[in-house]
Each structure stands twice: as C-alpha cells, then as structure tokens.
Amino acid sequence: MKHWWKFLAVALLLTASIAGLRVPLAPDLVHVSPDRIAPGEVTVTVTGYNTDFTAGERVFLENDSQRVCATSVRVIDGTHLTASFNVPAGMRKNLTDVVVSGLRYDGALFTEALGEGIASGNCVEGHLANSGFVFPNRPILYESIRNLHFHVPMWFAMITLMAISVVFSIMTLATNSLRYDGSAVNAVYVGLVFCSLGLITGALWARATWGAFWTNDVKLNGAAVTALIYLAYLVLRGSVPDAHKRARLAAIYNIFAFVLLVLFLFVVPRLNAVDSLHPGNGGNSPFSDLDLDKRLRMVFYPAVLGWILLGVWMFNLRDRAARLAEQLDR
Amino acid sequence: MRTLLLLSLLIMSSAAHAQGAAPGWLENTLYGSGKLNAVLIVVGVIICGIGLWMWRMDRRLKRMEDRMKK
Amino acid sequence: MRTAEILNVLRLEIALDLRQRAAWGGMLLYVVSAVYVCHLAVKSGLGTATWNALFWIILLFAAFNALSRSFQREDAGRQLYLHTLVDPRNLVLARTLYNAVTMVVLSLLSLLFYSLFLGSDVLAKADLAQFLLAVVLGGVGFAAVLTLISAIAARAGNGIGLMAILGFPIVLPMLLALLRASKLALDGVAWSVTSTYFGGLVLLDVITVTLAWLLFPYLWRD
C-alpha cells in the first residue's frame, strides 16, 4: 500500500477541518447593561456567549477584590440573565467586574461615588456546568481563533515545499545534471500557491481582528520577503536561456536564499522581540499560555500535517505531469 | 509569470487598503456573528485556491492528451 | 584555502582599482549626491528614527551600486586567467574580503558626509562605538551577501537590474536587523541589551560568508 500517505492526508484534513469548524468556543460574557452603576438598587442584564445559564448561577460584582453579592438572579434563557444588587457607596475603583459562575467581565460597570472601600460580601464562587471539548474564547479573536487551523498550516506547507525544492537544488549541484532541476522549480510553484493562499487568508484575518489588511509586523515582513525571494528565483530562471546554466544558477540562488530566509523567519523574530501582533512575539501571549491550548493543538497539529501532505501530493502531481510533458517533447 | 503578477498585485492592493477603509459589506461580513464569518471566508478562499490549482492542472493534462492524439 | 593565494587575488584587485580610479570616484560621487539630494529634500531637523532610516537606505543603494561591479567588470581574458590559476573558494573569499573593506570605507565616508549635511545632533547622545560597530557589520554583511549575488547576476549575463531583484529580498532581513541595532545604538542603549543584536549580526555575516564559500565553486565551473 504505497498510497497510504494520501489517505492519511485526506483523513487528517477531514478531521481537522470538521473539528476546526465544529468545536464550540468556551463560554464567556460578551455584554453587560447598563454600563454604569450608582449606589442603591441596581438590576444588571448579562449576555453570555455559548453559555448555558441555569437557575443555580452565582453572580457577584467585584471592585478591587471587594465583592457585592447578587440579591436575586433571574435566568431568561441560556445566554441571558438579570441580577439585582444592593450597591453600597464608597467603592475604591472606577471599574467594577461582573462575575457569573466563574466567568468574569472585566471592568463592565463604571462606578460612581468612590470612597475608602466597602465591606466585602462573602459570595459563593460557583462554576458553569462543564462544557466539554472547547476552544479558548479570547477577546479580539473570538470565533476567528479557528483560523489557526486553516491560515497557519498554509505557511507550514509552503516552507516544507521550499525545503523540498532546496533538496532538489542540492542534488542538482551534486550531480551536475538536469534531472532534478525540474522538480526543484515545481516544488517552488506549488509552494507559491500556498504562499498566496497564506497571504490572502492572513490579510483577511488581520482585517477582521487588527482592523487592517496589512500591518508592519515581523511575521508579515517574513511573508513578503519569502514571496519576493521566490518571485526573484523565477525571474532568474526566466532570464537564463541555457538550460544547464539556468539549473546551476537557480540552484545556487535557491540554497543561498533559503538558508537566509530560514534564519530570518526563525531567528530574527526572536531577536526583535518587540513589535509583533502575532502570538508569542513581543509580549503578546502565545496561544500556549491559554489553559485550553492543548485542545487547540489537538486540532492544529493534524491540520498542519494534513496540509503538508496535501502540498507534497500536489507537488507530486505537478512533477509527474512535467515529466510526461518532457517525454512528449522528445 | 502569471503567479508573479498576481502576487505583486495582491501585495500592493493590501498595502493600499491598509489605511482607513470605510466600513462596508466586507467589514459587515468579517465582523458578523462573533467573527465566525472571517473563518468561513478564509476556508472559502483556501478551497477556491486549491480548486483553481486543480483547474490549471486539468488544463495542463488536457494539452498533453491533445498532443498524444496527434 | 591558501592565504598566499587570497593575498595575491587581493593584490590584483587593488592594482586594478588603482588603475581605474574613476570607479572609486564614481562610488564616492554617488554617495555624496545621494546625501546631498536628501539634504535638499529634508533640509534639517530629522528625528532619530528618520535620520537612521535615511542613512541605511543611502548605504543600501550605495552597496548595490558599488558591489555590482565586483564580477561584472570581468572580461573573457581575465576570467580565463583567474579560472585556471585560482581556486574558486580562495577567489570568493578574497573578493568578499576586498568588497567588505570597500564597503566599510565607503560606509564610514558616507557617515561623515551624512552627518555633515544632515546634522550630527542625533549622534550627540548616541553610543558612538556601538553605532560604528553597526555600520562596520552592515558593510561586511552587505558585501558578503552581494558578492555572491553579483556573481550570479554576472553569470546570468543580465546586468544590474537582475542583481537588484535577486539581492533586495535577501538583504532585507539584514537591513531590518541593522536598522534595529543602530537605532538602539543611537538611543544610547547599554551593551547588555544590544549585544544580542550584534551577536545576531555577526552570526548572519559568518553564515553568509560560509554559504558563499560553499556555493561559489559550483557557480564558477563551466
């Protein structure tokens, strides 16, 4: 069974894509109204996301770790509840958090009548019913965190294909023949497909989260440099008419550029650890410091492997087609 | 060469859009329903991209078949 | 690797450059004109970041201009001569070394003109030793990358345009690291912070030279 890896590719992509789209996000609070409170009787409406509120929810306010417990809680439906409080005067800070059964909405309420602090109520923490296998729910990202399983594997597939191309380039130089030159350029062509997909999907995801299609970011610079290098590689090939010379020059440029590119992609970002919007760079929390990150990984790694295998398969098809065309030419 | 043109166009257009585009249909689709639509658009782009590649591969094979017949 | 052979090639390069002094004059004039154009365009009052960026942009283009000659000027006779007499690895090392020295001298001269025309207020609070180190490492790095690229472009028989296309994306990472390091140096940041950047730059230079040394023989044979 020599085609096993193709089946593996399809199986991995299928599982990763279904899980990537279907696994729900962790429950969280998305809206609290009103947005300011004054001392006295106050009723607050809380809207949840993917929550399944039941009658037993515990609600309290927290201001500088001093708590006000809810006098009554009424659940409207799975994602809405109202809670009443008897708000004392004299809270220490302007912003008060709302906590519903372990879910916290930071600084939900602007608080008036500040003072020296209040007596902290002894409120019950409570916790939501266990919601099973979920992805982390993060501000700014929200549902788009799923793109981790679709956008990022494009880059993994691309760099794998470029690495394959470099292997063929090294073989071209080592054997001094044209045999492997075609494979090197075919791998680059398929790699560029993934590069364009990575750029387009990245731009769209960036627009949805950071508000701009293109930002000045280490990872984005890396993507742009990669695209420029391989376009230059193709230009170089196009400008040398002699096949043997073309194979040699292209192979040398490919190896040279790839090594420097890898240095740039994996070493310089660690050096310039200041201004990146990507996780794990410049003070941004990496996905891994989320307590649920194991669940993201369980989908992410299969997705990466699946896309790499699909890329290799695409390269394989293109290479075989090119070889057939060569034989036809003869 | 076509890839080249496409890529450079892409980079330039995204750079041009980087500053303050007015919210329109794109924003509405991207931000709607907890940004889930951003995921759907991304998945759609990937599927269309792979589909386009398959289409070109198909054409390439077709040309070879035609030459075989001759 | 034989030091004697490298020295011989170096001597040849120097002799050639002394014979055609116009080449050096051209490079210098290029830098001076670029600096003067910047002076006309911005007059004065540049912030540290812009001052730094403009300086490196001038250096980058000066490097492309200066190093494109490295292999272009070879006529068939001399190529045959070098081809038969010199081990290609020694040749590329000698050329890189010579280009590095050229670039360092050119960079320092550019810095001189640049601070004359565009003001040296920025340098007042800078850690000058660090900034000069960045300039030297940058010159060596540009030389290391562009020597091999210029050889490839010359072999492809498609002059300076191809060299810019091939060289720019490869130099860009180095340029970004240099911009960052020299900006920190201009801000007068301590060695303990900047040493990682300089370490990274040295590493980048060493790797580039090693790659050129490994790959050049394949380029040279015909």
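Overview of values
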| read-out | value |
| --- | --- |
| Output for the range A:268-304, where each listed residue is buried (at least 16 other Cβ atoms within 10 Å of the Cβ), facing chain C (nearest Cβ under 10 Å) and at pLDDT 60 or above | A:V268, A:L271 |
| Residue within the range A:48-59 that is within 26 Å of B:K35 (Cα to Cα), surrounded by fewer than 21 Cβ atoms within 10 Å (Cβ to Cβ) and more than 14 Å from every other protein chain (Cβ to nearest Cβ) present | yes |
| Criterion violated by A:D181 - all others in (1) within 14 Å of the chain's Cα centre (by Cα); (2) closer than 30 Å to C:A153 by Cα satisfied | (1) |
| Qualifying residue in the range A:121-138 (condition: within 14 Å of chain B (Cβ to nearest Cβ), under 18 Å from A:F258 (Cα atoms) and either in contact (Cβ under 8 Å) with a residue 24 or more places away in the chain or part of a strand (DSSP E or B) (or both)) | no |
| Condition check for A:K245: part of a helix (DSSP H, G or I), away from chain B (no Cβ under 12 Å) and under 16 Å from the mean Cα position of the chain (by Cα) | no |
| Among residues of the range A:60-79, those that are under 14 Å from A:G121 (Cβ atoms) and within 14 Å of chain B (Cβ to nearest Cβ), counted | 0 |
| Flag if A:V75 is farther than 29 Å from A:K294 by Cα, assigned by TED's automatic domain parsing to the domain that holds A:G48 and touching a Leu at 6+ places or on another chain (Cβ under 6 Å) | yes |
| Failed criterion for C:A34 (all others in (1) crowded, with 20+ Cβ neighbours inside 10 Å; (2) over 28 Å from C:L184 (Cα atoms) hold) | (2) |
| Any hit, the range C:162-172, residues being crowded, with 22+ Cβ neighbours inside 10 Å, farther than 24 Å from C:A53 by Cβ and out of contact with any His (no Cβ under 7 Å at 6 or more places or on another chain) | yes |
| Condition met for A:M154 (closer than 16 Å to A:Y301 by Cα, touching a Cys at 6+ places or on another chain (Cβ under 7 Å) and not polar (S, T, N, Q)) | no |
| Inter-residue pairs, beta-carbon under 7 Å, first within 9 Å of chain A (Cβ to nearest Cβ) and in the range C:143-157, second of a type in the set (V, I, T), 6+ apart | C:V145/C:I170; C:V145/C:V171; C:V145/C:T208; C:I149/C:I170; C:I152/A:I252; C:A156/A:V240 |
| Residue that is at pLDDT below 85 and either buried (at least 17 other Cβ atoms within 10 Å of the Cβ) or part of a helix (DSSP H, G or I) (or both), where the choices are C:L82, C:L40, C:L60 | C:L82 |
| Candidates C:S110, C:S115, filtered to the one that is without any contact (Cβ under 8 Å) to a residue 12 or more places away in the chain and more than 11 Å from chain A (Cβ to nearest Cβ) | C:S115 |
| Residue pairs meeting the criteria (Cβ under 8 Å; at least 6 apart or on separate chains; first basic (K, R), in the range C:82-103; second surrounded by fewer than 20 Cβ atoms within 10 Å (Cβ to Cβ) and modelled with pLDDT of 90 or more) | C:R89/C:W213 |
| Residue within the range A:164-184 that is within 13 Å of chain B (Cβ to nearest Cβ), assigned to a helix (DSSP H, G or I), touching a residue at least 12 places away in the same chain (Cβ under 8 Å) and out of contact with any strand residue (DSSP E or B) (no Cβ under 8 Å at 6 or more places or on another chain) present | no |
| Only one of A:S120, A:S65, A:S131 that is farther than 27 Å from A:G211 by Cα, in contact with a Lys or Arg (Cβ under 9 Å, 6 or more places away or on another chain), at pLDDT below 85 and among the small types (G, A, S) | A:S120 |
| Pairs where the first residue, in the range A:65-88, is over 13 Å from A:V46 (Cα atoms) and free of Cβ contacts under 8 Å to residues at least 40 places away in the same chain and the second is among the hydroxyl-bearing types (S, T, Y) and surrounded by fewer than 16 Cβ atoms within 10 Å (Cβ to Cβ), C-beta under 7 Å, 6+ apart | A:T71/A:S84; A:S72/A:S84 |
| Criterion: assigned to a helix (DSSP H, G or I), at pLDDT 85 or above and within 20 Å of the chain's Cα centre (by Cα) - qualifying residue of A:W307, A:W313 | A:W307 |
| Extreme residue, modelled with the highest pLDDT, among residues of the range A:210-227 that are crowded, with 20+ Cβ neighbours inside 10 Å and at the interface with chain B (Cβ under 9 Å from one of its Cβ atoms) | A:A227 |
| Any hit, the range A:78-94, residues being under 30 Å from A:G20 (Cα atoms) and in a strand (DSSP E or B) | yes |
| Matching residues, the range C:179-222, being touching a residue at least 60 places away in the same chain (Cβ under 8 Å) and closer than 15 Å to C:V145 by Cβ | C:L201, C:V202, C:L204, C:D205, C:T208, C:V209, C:L211, C:A212, C:W213, C:L215, C:F216, C:L219 |
| Residue list for the range A:211-237, restricted to those being over 19 Å from A:A163 (Cα atoms), touching a Leu at 6+ places or on another chain (Cβ under 7 Å) and touching a residue at least 24 places away in the same chain (Cβ under 8 Å) | A:T215, A:D217 |
| Looking only at the range C:122-161, and only at residues there that are over 14 Å from the mean Cα position of the chain (by Cα) and of a type in the set (S, T, N, Q), the one that is surrounded by the most Cβ atoms within 10 Å (Cβ to Cβ) | C:Q130 |
| Complete set of residues in the range A:118-154 that are in contact with a Gly (Cβ under 7 Å, 6 or more places away or on another chain) and surrounded by 15 or more Cβ atoms within 10 Å (Cβ to Cβ) | A:I118, A:G126, A:L128, A:Y142, A:E143, A:R146, A:H149, A:F150, A:H151, A:M154 |
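The values are calculated or read from the model by the stated rules, or taken from the named source; none is laboratory data. Bear in mind the structure is a predicted one, so any value in this text is a computation, not a measurement. Here Cβ is always computed from backbone atoms with ideal geometry, including for glycine, and neighbour counts include all displayed protein chains.
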